[in-house]
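Take a look at the structure below.
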């Protein structure tokens, strides 16, 4: 628990220090992010309350079978809605703590994937057209591909940042090839 208090104290002092040098636009962004954070936190608490009520009402009071498809749809639809809101809250907190300047594209793609997964779970197959299923499936594949591409780009960036550069005698800079851990030790 002490590390949480230290992190909050450090964040508060960082925000005070940065507030003095922030532009008006950056201050506005911070205030909006903080207000959004509070609103999303309230929505998360209300969604959690509704989920708890749904679980107690459905499984305890009405003794419905969790394996019944409609019960499963209701419960996991509510759980995924809560997870989507929590992921959105996490991205807002990153902005507030200035770990990210803006909400990252990767987070938006992940939230969209979660929303589509939720849609598939709560989908009523008896009234869903094949075209709707195809459209949702294409959306999942497209978002998954974009997410994968972003991950690949981030991995390349991390590799490039980790690879040291050397300056040659003529002043040019070049990246050195970092030795692989297995190279040179016979393992």
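Out of 150, 156, I need the residue that is touching a residue at least 40 places away in the same chain (Cβ under 8 Å) and either assigned to a helix (DSSP H, G or I) or out of contact with any helix residue (DSSP H, G or I) (no Cβ under 9 Å at 6 or more places or on another chain) (or both). Which one?
Numbers: 156 fails: touching a residue at least 40 places away in the same chain (Cβ under 8 Å).
On inspection, the qualifying residue turns out to be 150.
Could you go through segment 73-87 and let me know if any residue there is modelled with pLDDT of 85 or more, in a helix (DSSP H, G or I) and out of contact with any helix residue (DSSP H, G or I) (no Cβ under 8 Å at 6 or more places or on another chain).
Within segment 73-87 (the criterion being modelled with pLDDT of 85 or more, in a helix (DSSP H, G or I) and out of contact with any helix residue (DSSP H, G or I) (no Cβ under 8 Å at 6 or more places or on another chain)), the answer is no, since none of the residues qualifies.
Restricting attention to segment 33-52, report how many residues are surrounded by 13 or more Cβ atoms within 10 Å (Cβ to Cβ) and more than 11 Å from residue 82 (Cα to Cα).
Matching residues across segment 33-52 total 4.
Tell me, please, whether a residue that is surrounded by fewer than 14 Cβ atoms within 10 Å (Cβ to Cβ), at pLDDT 85 or above, assigned to a helix (DSSP H, G or I) and touching a helix residue (DSSP H, G or I) at 6+ places or on another chain (Cβ under 8 Å) can be found in segment 123-145.
Yes, the conditions are met somewhere in segment 123-145.
Looking only at segment 25-71, count how many residues are under 26 Å from the mean Cα position of the chain (by Cα) and touching a residue at least 12 places away in the same chain (Cβ under 8 Å). Spell out the reasoning first.
Let us first name the residues in segment 25-71 that are under 26 Å from the mean Cα position of the chain (by Cα), namely 25-52, 54-55.
Within this subset, residues satisfying the condition of being touching a residue at least 12 places away in the same chain (Cβ under 8 Å) are 29-30, 33-34, 36-37, 40-41, 43-44, 47-48, 50-51, 54-55.
The total comes to 16.
The values are calculated or read from the model by the stated rules, or taken from the named source; none is laboratory data. Here the structure is a predicted model, which is why all the values come from computation and not from measurement. In this analysis, Cβ positions are derived from the backbone assuming ideal geometry, glycine residues included, and neighbour counts consider all displayed protein chains.
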